[in-house]
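Accompanying notes for the structure given below.
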Amino acid sequence: MISKYRKQFNQEFSQEKYERFKEILKEKSGLEPAFRISESPLFLSKEFEHKLLDASESIIDQIKALPAETLQKAIPDNCRVPNDTGKPHFFTIDFGVCKNENGEIEPQLIELQAFPSLYAFQKVFEDTFCEIYPFLTEIKNKMPHEEFKNYMKELIIGNENLENVILLEIYPEKQKTVIDFILTEKLLGIKTVCLTKIKKEGKKLFYENNGKLTEIKRIYNRVIFDELDRIPDLKTELDFREDIDVKWITHPNWFFKISKFLLPLLQHQFVPKSYFLHEFPDSENLENFVLKPLFSFAGSGVNLNPTKEITDAIEDKENYILQRKVNYEPIFEDINGEFSKAEIRLLYIWRENDERPILLENLGRMTKAAMVNVDFNKKDAIWIGSSNAFFVEE
């Protein structure tokens, strides 16, 4: 696929360039990424891009048409946060690069979420690919860096002073995505604050900023709320479920509303059929489906080969879905003549006054394993890990 660019990249590739690539990322952020960086970008056709966007636009239409009450059902009662918003500020959607029965390469929806991904990192990532391999500049994302920055600034900072806006995470320095937090700080001029450091007085929140207690008015939220319960002996002054004087970017409720919960409700040729586990019909064969918990992160709890014994043993069946299996097609050739599979995530923002979200960037993930998660790859594998997609005419 896209043999011209793939051929040129593979001819120009060297281990030295890969090491330099990682060095530049470290120079720009001050630390090494805590996740594996793929040696190669994804080269995908403009035709594939059109299919991606067609599916995404249809999914957005279907979400917009859903009653608010339907979306509210997705939020666990113990995770409901006051002062919900009419739409999310972020919208990301993951597609597998698959092959259909006619031998055509097409996207298949894997999952979607209204939660910020590696927005700041991916822009730097794409630029760094172009620094190391200048021929990629002609096919890079057309959005200028300044325009990208302005979109992010308007969305996250709004009209507030920088000191009153924070990026919120739990133990940020321990997170795999810490490099994105640092690059977000550099991009926007805001600080990353650990949830345990937040001070609360009445309905107002504060953090210590250069030795001074400073009010927080907007929170760029990177905390996955339902994961807090898994942290032993966690003590915080802020409880998400309290009514506080702060603007959430994006509101925590949307993490649940735009999630695997929606998969059984969506229809499109690039959306695999899904069912809630308690509604799985006898007419379907379990072997053709993947079992996924509604509330999990980074692939945890996913079962690629569920059995009736496994599904029967699950008590809270309404919190699981079965999604029809898709066949990731290994089409990304490495320098050894072996092939990787991939997923692509589209990174949208959704401003409050906009009817539709705006696509800012993409994120690629490459693998040679059964699941698109670098933890499942062999140690010496190449062309695996975090990547970026370039779309070109074939």
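A quick yes/no check of all residues on (1) closer than 28 Å to Lys257 by Cβ; (2) in contact (Cβ under 8 Å) with a residue 24 or more places away in the chain; (3) not assigned by TED's automatic domain parsing to the domain that holds Phe135:
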| position | (1), (2), (3) |
| --- | --- |
| Phe43 | no, yes, no |
| Gln62 | yes, yes, yes |
| Thr70 | yes, yes, yes |
| Pro76 | yes, yes, yes |
| Phe95 | yes, yes, no |
| Lys99 | no, yes, no |
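Residue-wise test of (1) small (Gly, Ala, Ser); (2) touching an Asp or Glu at 6+ places or on another chain (Cβ under 6 Å); (3) at pLDDT 90 or above.
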position: Ala313; (1), (2), (3): yes, no, yes
position: Pro330; (1), (2), (3): no, no, yes
position: Ser340; (1), (2), (3): yes, no, yes
position: Trp350; (1), (2), (3): no, no, yes
position: Asn388; (1), (2), (3): no, yes, yes
Positions within segment 114-138 being farther than 19 Å from Gly30 by Cβ and touching a helix residue (DSSP H, G or I) at 6+ places or on another chain (Cβ under 7 Å), in sequence order | Ala114, Phe115, Phe129, Cys130, Ile132, Tyr133, Phe135, Leu136, Thr137
Pick from segment 119-138, criterion surrounded by fewer than 23 Cβ atoms within 10 Å (Cβ to Cβ) and aliphatic (A, V, I, L, M), ranking: farthest from Gln267 (Cα to Cα) = Ile132
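Which one is surrounded by the fewest Cβ atoms within 10 Å (Cβ to Cβ), of the residues in segment 72-102 that are among the charged types (D, E, K, R) and within 21 Å of the chain's Cα centre (by Cα)?
Among those that are among the charged types (D, E, K, R) and within 21 Å of the chain's Cα centre (by Cα), it is Asp94.
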Across segment 141-157, which residue is farthest from Leu346 (Cα to Cα) among those that are at pLDDT 95 or above and either outside any helix (DSSP H, G or I) or hydroxyl-bearing (Ser, Thr, Tyr) (or both)?
-> Ile157
Consider Thr184 carefully, then state whether it is within 23 Å of Gln113 (Cα to Cα), assigned to a strand (DSSP E or B), under 20 Å from the mean Cα position of the chain (by Cα) and not charged (D, E, K, R).
-> no
Options Phe181, Phe148; residue that is within 25 Å of Cys79 (Cα to Cα), surrounded by 18 or more Cβ atoms within 10 Å (Cβ to Cβ) and not assigned by TED's automatic domain parsing to the domain that holds Glu27 | Phe181
Only one of Lys247, Lys235 is surrounded by 12 or more Cβ atoms within 10 Å (Cβ to Cβ) and not assigned by TED's automatic domain parsing to the domain that holds Asp94; which?
-> Lys247
Hey, can you tell me all the residues within segment 367-386 that are within 14 Å of the chain's Cα centre (by Cα), among the hydrophobic types (A, V, I, L, M, F, W, C) and modelled with pLDDT of 95 or more?
-> none
Scan of segment 103-155 for residues that are among the β-branched types (Val, Ile, Thr) and more than 17 Å from the chain's Cα centre (by Cα), ordered by number | Ile105, Thr128, Ile132, Thr137, Ile139
Within segment 158-178, tally of residues that are in a helix (DSSP H, G or I) and either assigned by TED's automatic domain parsing to the domain that holds Trp350 or without any contact (Cβ under 8 Å) to a residue 60 or more places away in the chain (or both) = 6
What number of residues within segment 320-343 satisfy the criterion of being over 19 Å from Ser259 (Cβ atoms) and not in a loop (DSSP other than H, G, I, E, B)?
-> 7
Does segment 28-41 include one or more residues that are outside the structural domain of Gln267 (by TED's automatic domain parsing), among the acidic types (Asp, Glu) and exposed (fewer than 14 other Cβ atoms within 10 Å of the Cβ)?
-> no
Restrict the check to segment 247-254 and report whether at least one residue is over 24 Å from Leu162 (Cα atoms) and in contact (Cβ under 8 Å) with a residue 40 or more places away in the chain.
-> yes
Determine whether segment 50-69 contains at least one residue that is under 20 Å from Pro272 (Cα atoms), surrounded by 15 or more Cβ atoms within 10 Å (Cβ to Cβ), among the charged types (D, E, K, R) and out of contact with any Cys (no Cβ under 6 Å at 6 or more places or on another chain).
-> yes
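The values are calculated or read from the model by the stated rules, or taken from the named source; none is laboratory data. Remember, predicted model here, so these are calculated numbers, not experimental data. When we count neighbours, we look across all protein chains shown, and the Cβ atoms used for this are built from the backbone with ideal geometry, even at glycine.
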